[in-house]
Every structure is written in C-alpha cells, then in structure tokens.
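No lab work stands behind these numbers, since they all come straight from the coordinates. None of these values were measured; they are calculated from a predicted model.
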C-alpha cells in the first residue's frame, strides 16, 4: 500500500496510528474533512486481517461520515476511528481507556493542532455484556 497516495486519492486530511503496549491497544484515527467543522464520527472495534485493511476501512468510514454529516445539515466534518482487535475480549475497558487517551479533545489538540475530531458512540461499544 502506498499510504500517502491512498490518503490523497481518497481526499483525507489526516491519518493517525496509535498504540499502547500496556493494554494491547492498536488504533487508527482518520480525518476526512474539517471544511464544515470538526470531524464527527464513531469508533469501530474490529478484528482486521491486516493493518492495511484496517487503514482502508478507517479512511472509507471517515469519508462516509463527511457525507452523512453534510446531508444532515450539520456544521461538522467527517472522521472515524478503528480499534484493531477482538471486540469480544475481556479487556475491553483497558482498550477503550487507551483509545480515549488518544481521542479526547485535549490530547488531540496537542497531536492534531487544534483538536479536529469529535467522537460519537457506536452500538458495539458496551463495556459490560448485555443483560439476559
């Protein structure tokens, strides 16, 4: 994969690769567009076959969020993050906490020159198993 060519071809502004050895966390943050405002998008927790597959998925999902937010009339751009791993793992809390350290606005402000991402929840993100 020619990473910079892929980012340019898909029209993205930024791609951030993150890892935390203590929790086993590996993640990707993709920002497609901030033309209308800060990027809004959720997080997908998925077991990808390759790192390249995870990167392409993050880029594709971020671009989709740009269009969804624009169609909804929101003054927000599009972004998305992915957590690479088994979403049925027992250590979800540690992984989500590590992810949060990379995506909270204060951290992003330092890393991304102004905190250009806002997070939203996704259905697969329960720290505890469902009842019943």
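Given the Cα-Cα distance of residue 21 and residue 35 and 0.36 nm per residue of separation, how much length would full extension add, in nm?
Numbers: separation 14, 0.36 × 14 = 5.04 nm, distance 3.42 nm.
Net length gain for the segment: 1.6 nm.
Full extension from residue 75 to residue 87: what is 0.36 nm times the residue separation minus their Cα-Cα distance, to one decimal in nm? All intermediate terms of the calculation are to be shown ahead of the outcome.
Working: separation 12, 0.36 × 12 = 4.32 nm, distance 3.14 nm.
Taking residue 75 through residue 87 to full extension adds about 1.2 nm, to one decimal.
For the stretch 3-119, count all C-alpha to C-alpha pairs, find those more than 20 Å apart, and express that count as a whole percent of the total.
Working: 2625 of 6786 pairs.
Beyond 20 Å sits 39 percent of the P(r) for the stretch 3-119.
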